[in-house]
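A.B. asks: Below is the structure I would like to discuss, written out as structure tokens.
What follows is calculated from the coordinates using simple rules that are stated; it is not laboratory data. Values in this document were obtained by computation on a predicted structure and should not be read as measured data. A quick note on method: Cβ atoms are made from the backbone with ideal geometry, for glycine too, and the neighbour counts reach across all protein chains shown.
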Amino acid sequence: MNRNIAFIVVTLAAPVTVTAQTPNPMEPHHVATLRSVGTVAVSPDGSLAAYLLSVPRRPLDEDSGGSWTELHVLDMAEPGSSRPFIAGPVNVGRPSFRGNDEILFTSRRGSDKASALYGIPVGGGESRKLVEHANGVGSYVLSPDGSRVAFLARQETAKELKTLRDKGFNQEIYEEDRPLTRLWIADVPALGADRGDDGSKPVLVDSVDGHVISAVWSPGGERLAAVTTPTALIDDSYTSKSVVVVDASMDDFPVVSTVKAIGKLGQVGFSPNGEQVAAVSAADRHDPAAGRLMLVGAAGGFSDLLPELEGHVASFAWEDDEHLLYAASVGVWSTLGRVSTGGEAETLIEPGGPIGLSFSLPRDDGAAALVADSPDHPREIYRYDPAEPRAPPVRMTNSNPWLDDIELARQEVVRHVAPDGLELEGLLIYPLGYEEGRRYPLILFVHGGPESHHSNGWLTSYSNFAQLAAARGFASFYPNYRGSTGRGVEFSKLGQHAAAGPEFDDRIVAVDHLIETGLVDRDRVGITGGSYGGYASAWGATYYSDRFAAAIPFVGISNNISKLGTTDIPLEMELVHHRTTLWDDWDYFEKSSPIYYVKRNRTPTLILHGKEDPRVHPSQSLELHRHLKTLGQAPVRLVLYPGEGHGNRRSAARLDYMLRTLRWMEHYLKGPGGDPPPHEIDYAAYLPWAEGGDDTDEETATPDAESTGGGGE
């Protein structure tokens, strides 16, 4: 059986000077070059793991763009044995094994006009194209016998429409003419066999209507389950999923059953005997996140296997016909457990270790490859054997060996109580070289969602740069306020129809707690975050302006009334956020908007937004900037990123964001304040590989990068 799981963050004039107190602190170029493990697949016999490694492009040294994704292979019996199979300036996707001798993946190679499905022998040799489609091969699943592949691809544009567009008729019919992604099946040539003229030509599964999100084979390969939505709109993917099962043994792929999801829906998978289906699902239509492990009945019933779990399930794998393994978030930790189809559960990996929420099991007995991070490193592969449940996971990869020489600041869990008695959690990163009794400036990093949370793992990224801030004498706090995930359905619903209410008050309670401990200087507190965290930051710059000396909203909400008219998720906002509509409760939306309190602003505010953001339209930042600038009570600056959406993807935009926001915090929490710092940035000064950069630790910043190995390309 196939049990692989694929998962379906003083003006700064120069880098910090290394001192005795900070022998080798985190620098901007370190954050810009952090590598992390992505999708992993274990071979059927459990001997190997194929995985993707995200490798950021080096700003000023390479063309700006998203991170490269390399294919690496690991011997599961030997830690540190990882070797690159396909590396360098490449984008490899979705690795899987066909038997024990071949690794499949998607990529656009050579003269390809779109992504195709490739295979490469485990023992060495060139990769070869197996299946292609004019619009590219997207997500795919290999049939249990390896002879066929089901994959997703956009439906082809009619030739007549292409001709019209070439003639200038390129109008967009808003939200109506988006092409659907459809389900296709193709034969896959055997290892060593040539692709025939028609043998691998894809066939459309036209019995599955609508937009297809994912698919999974039954263990016998006779059925195929597809997760679908009525349209290609993002809102539908949150609110209107169905599971459609077809008979894949028939040429016309007749529909066997259709089950409508009861809310948000994540992973779906057949039991080994093909008689049962499990899914990660929301508890109901108003549940903010898919986090319950459910058995799905053929008639549509959903049965929660872990009804008492005060956490959120992220992934699962069938262990046998009567048992499933699952990974879940529990507070700021993660856990791995086993549960029977009757609901009897046991914990295998207790909370308190690395944060691992995705894993892959071999078809035969053997150890799982667990993707996990910790306060000391980003995502890496750990080996865990369910047959030895009390043995701790063993780390197998080290993708950033230079991190071993970096002085990281102390990180710990902080618990405190809100005025209404609700216990809250968050993560505190101390200033590097912390001295007890001394008060420090604080940066509050607020997560988005709000249906997400921070775990006690690796927290540093281009937008959440706590370790970078720690090297500059800041304390940082990551609050998991009410409405966050990780603590069960009831907790995650606490912020509904209460936008900017107790959920935002929780941030102030957290800051007050840290002030009371003697750690934080009340007059030097900054707030930042993206999306809903950007909303919280805009609220901090207006409603709570007396509490914050600096605010940095990123892709954030400033006006709930206009936001609802421009977002791509209006129904999701109604169902799991506001629980009401604009026309039924105008006053609620108006008074939960930061711009309603703009006259309170005394906080220097740096606003940043991607110009192509479909989720929170950039007009939200334009509105906030215009009102604050017109009012003129405090410094304000707006930075827009062309080509970026709801978060920055390109290496240059990420570096600019990191340097610009850190400089704003330093200027207003530690520096002279007053007028804003210059808007120009000397990027090369922070990059050892750039002309004019500080090259004191270039070896640390640029670890040896192998381009080939182990018989791969």
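A.B. asks: Would you list Ile213, Ile173, Ile508, Ile443 from fewest to most Cβ contacts within 10 Å?
C.D. replies: Neighbour counts put them in this order, fewest first: Ile173, Ile508, Ile213, Ile443.
A.B. asks: Which GluC sites (Glu not before Pro) in segment 121-186 sit in a loop by DSSP (not H, G, I, E or B) and have at most 16 other Cβ atoms within 10 Å of their own Cβ?
C.D. replies: When the GluC sites (Glu not before Pro) of segment 121-186 are filtered for loop state and at most 16 Cβ neighbours within 10 Å, Glu126, Glu156, Glu172, Glu175, Glu176 remain.
A.B. asks: Arranged from highest to lowest average of other beta-carbon atoms within 10 Å per residue, in what order do the peptides 278-285, 573-580, 523-530 appear?
C.D. replies: Highest mean packing first, the order is 523-530, 278-285, 573-580.
A.B. asks: With each run of n ≥ 4 DSSP H residues scored as -39500 (n - 2.57), what mean residue ellipticity at 222 nm is computed for the chain after dividing by its residue count and rounding to the nearest 500 deg cm²/dmol? All intermediate terms of the calculation are to be shown ahead of the outcome.
C.D. replies: On the way: 13 runs with 100 residues, N = 713.
When only DSSP H runs of four or more count, the value is -3500 deg cm²/dmol.
A.B. asks: Just want the answer: with Cβ charges of +1 for Lys and Arg and -1 for Asp and Glu, which residue in Gly99, Pro230, Thr163 is farthest toward the dipole's positive end in segment 28-402?
C.D. replies: Value: Thr163.
A.B. asks: Report, ordered by chain and residue number, the lysines lying within cross-link reach of Lys629, taken as a straight Cα distance under 28 Å and ignoring same-chain residues fewer than 8 apart.
C.D. replies: Cross-link targets: Lys563, Lys591, Lys599, Lys611, Lys670.
A.B. asks: Moving on to the next point. What's the center-to-center distance, using Cα atoms, between segment 161-228 and segment 54-80 in Å?
C.D. replies: For segment 161-228 versus segment 54-80, the Cα centre distance is 29 Å.
A.B. asks: How big is the equivalent ellipsoid of segment 489-626 along its three axes, where each semi-axis is √(5λ) from the Cα gyration tensor, reported in whole Å from largest to smallest?
C.D. replies: Working: eigenvalues 123, 66, 33 Å².
Over the Cα atoms of segment 489-626, the ellipsoid semi-axes are 25, 18, 13 Å.
A.B. asks: Next question, about the same structure. Take the Cα pairs of the chain, get the Kirkwood Rh, then feed it into Stokes-Einstein at 10 °C and 1.306 mPa s and tell me D in µm²/s.
C.D. replies: 59 µm²/s
A.B. asks: Another question about this same structure. In nm, give the distance between the simple-model label positions of Ala134 and Asp512, each being 7 Å from the Cα along the Cα-to-Cβ direction.
C.D. replies: Here the modelled spin labels are 6.4 nm apart.
A.B. asks: Could you state the principal axis extents of the C-alpha atoms in segment 429-510, from the largest down, to the nearest angstrom?
C.D. replies: For segment 429-510, the Cα extents along the three principal axes come out at 41, 24, 18 Å.
A.B. asks: Another question, then. For segment 28-402, which semi-axes, largest first and in whole Å, follow from the square roots of 5 times the eigenvalues of its Cα gyration tensor?
C.D. replies: On the way: eigenvalues 194, 155, 97 Å².
For segment 28-402, the ellipsoid semi-axes come out as 31, 28, 22 Å.
A.B. asks: Further question on the same structure: Place a +1 charge on the Cβ of each Lys and Arg in the chain and a -1 charge on the Cβ of each Asp and Glu, then give the dipole magnitude about the Cα centre in debye, rounded to the nearest 20.
C.D. replies: 1840 debye
A.B. asks: Out of the DSSP beta bridges found with both residues in segment 408-681, what percent are antiparallel (nearest 5)? Numbers along the way, then the final one.
C.D. replies: Values: 13 of 35 bridges.
Beta bridges within segment 408-681, antiparallel portion: roughly 35 percent.
A.B. asks: Now, a different point. In units of 2.2 N^0.38 Å, what is the alpha-carbon radius of gyration of segment 202-278?
C.D. replies: The reported ratio for this selection is 1.07.
A.B. asks: Taking the dipole about the Cα centre of segment 28-402, with the C-beta of Lys and Arg at +1 and of Asp and Glu at -1, give me whichever of Asn273, Ile120, Gly291 is farthest to the positive side.
C.D. replies: With unit charges placed on the Cβ atoms, the residue in question is Ile120.
A.B. asks: Suppose R0 equals 45 Å. What FRET efficiency, 1/(1 + (r/R0)^6) with r the Cβ-Cβ distance, do Asp194 and Lys260 give to the nearest 0.05?
C.D. replies: My answer for the efficiency is 0.55.
A.B. asks: Moving on. Would you calculate the convex hull of the Cα atoms in segment 99-227 and tell me its volume per residue in Å³?
C.D. replies: Cα convex hull per residue, to the nearest whole number: 129 Å³.
A.B. asks: With labels modelled as points extended 7 Å from the Cα through the Cβ direction, what inter-label distance (nm, one decimal) is found for Thr347 paired with Glu172?
C.D. replies: 4.8 nm
A.B. asks: Obtain the nm distance between the two label points defined at Ser249 and Val417 by a simple spin-label model: each point lies 7 Å from its Cα along the Cα-to-C-beta direction.
C.D. replies: With each label placed 7 Å out from Cα toward Cβ, I get 6.2 nm.
A.B. asks: Roughly what % antiparallel, to the nearest 5, for the DSSP beta bridges in the chain?
C.D. replies: 85 percent
A.B. asks: For segment 408-681, how big is the tail of P(r) above 30 Å, as a whole percent of Cα pairs? Before the final figure, lay out each step's value.
C.D. replies: Values: 8478 of 37401 pairs.
When every Cα pair of segment 408-681 is considered, 23 percent fall beyond 30 Å.
A.B. asks: Further question: Using per-residue counts of other Cβ atoms within 10 Å, averaged over each peptide, order 315-321, 376-382 from highest down.
C.D. replies: Those peptides, ordered most packed to least, come out 376-382, 315-321.
A.B. asks: For segment 34-131, calculate the relative contact order in percent as a whole number, restricting contacts to Cα pairs under 8 Å that are 6 or more residues apart.
C.D. replies: Relative contact order here is 19 percent.
A.B. asks: Considering the dipole of segment 408-681 built from charges on the beta carbon (Lys and Arg +1, Asp and Glu -1) around the Cα centre, which of Tyr588, Leu608, Thr485 is farthest to its positive end?
C.D. replies: Leu608
A.B. asks: Provide the FRET efficiency to the nearest 0.05 for the Arg522-Asp675 pair, computing r from the beta carbons and using R0 = 25 Å.
C.D. replies: Details: r = 24 Å, r/R0 = 0.95.
It comes to 0.55.
A.B. asks: Please list, in chain and number order, the residues 5+ apart from Gly643 or on another chain whose amide H is under 5 Å from its amide H, with Hs placed from the backbone.
C.D. replies: Those qualifying (amide H under 5 Å, at least 5 residues apart or on another chain) are Lys611, Glu612.
A.B. asks: Sort Arg383, Arg395 so that the residue with the fewest other Cβ atoms within 10 Å of its own Cβ comes first and the one with the most comes last.
C.D. replies: Arg395, Arg383
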